[in-house]
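K.L.:
Quick one: structure below, then a few questions.
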Amino acid sequence: MKDIELVLLDWTEAAPRAMPLRERVFVVEQGVPADLELDEYDPLSRHALALAEHGHVLATGRLLPDGHIGRMAVDAAWRGRGVGGLVLEALVEEAWHRRMHEVVLNAQVSAIDFYLRHGFVAEGETFMDAGIVHRRMRRFRSGG
């Protein structure tokens, strides 16, 4: 996408940039308790951020060492414009670079179609997490 920079960062660099967006999306918009938003996995994860001019964070997500993708958040004004897909594909590519054979995520049911369009398959039944209905999804590495 034109004029959007994608960066992969460790938590020490990502935190001050990603947390305001994550708090707006998860805590303010979706009502997730603030104490559940920040967890012990952030320092272990690789974080992707889509940045506009002047470093404004448009979207973010993380890849845990076990191949779990999570904390996908897109600024409300930028939803449906492809920045979430840029972050997701960057995280998937990072997983492949780390020689992982699959990535998994727990998708909010409202976002399942987004993940299906990016090659994920849904599995199992829905479940509640932080008061929101989710479904586990998986994407396998193709071609070995």
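K.L.:
Restricting to the stretch 41-55, name every residue that is in a strand (DSSP E or B) and buried (at least 20 other Cβ atoms within 10 Å of the Cβ).
P.N.:
46, 47, 48, 49, 50
K.L.:
Same structure again: Kindly check whether there is at least one residue in the stretch 74-84 that is touching a Lys or Arg at 6+ places or on another chain (Cβ under 9 Å) and not in a helix (DSSP H, G or I).
P.N.:
The answer is yes, given that some residue of the stretch 74-84 is touching a Lys or Arg at 6+ places or on another chain (Cβ under 9 Å) and not in a helix (DSSP H, G or I).
K.L.:
Among residues belonging to the stretch 103-131 that are in contact with a helix residue (DSSP H, G or I) (Cβ under 8 Å, 6 or more places away or on another chain), touching a residue at least 24 places away in the same chain (Cβ under 8 Å) and in a strand (DSSP E or B), point out the one that is surrounded by the fewest Cβ atoms within 10 Å (Cβ to Cβ).
P.N.:
107
K.L.:
What number of residues within the stretch 1-12 satisfy the criterion of being part of a helix (DSSP H, G or I) and out of contact with any strand residue (DSSP E or B) (no Cβ under 8 Å at 6 or more places or on another chain)?
P.N.:
1
K.L.:
Pick out the one residue from 73, 77, 90 that is of a type in the set (Gly, Ala, Ser) and over 19 Å from residue 26 (Cα atoms).
P.N.:
Among 73, 77, 90, only 90 is of a type in the set (Gly, Ala, Ser) and over 19 Å from residue 26 (Cα atoms).
Since every read-out is calculated from the coordinates, none of them should be taken as a lab result. Bear in mind that the values here come from a model prediction, so they are computed numbers and not experimental data. Cβ sites come from the backbone with ideal geometry, for glycine too, and all protein chains shown count toward neighbours.
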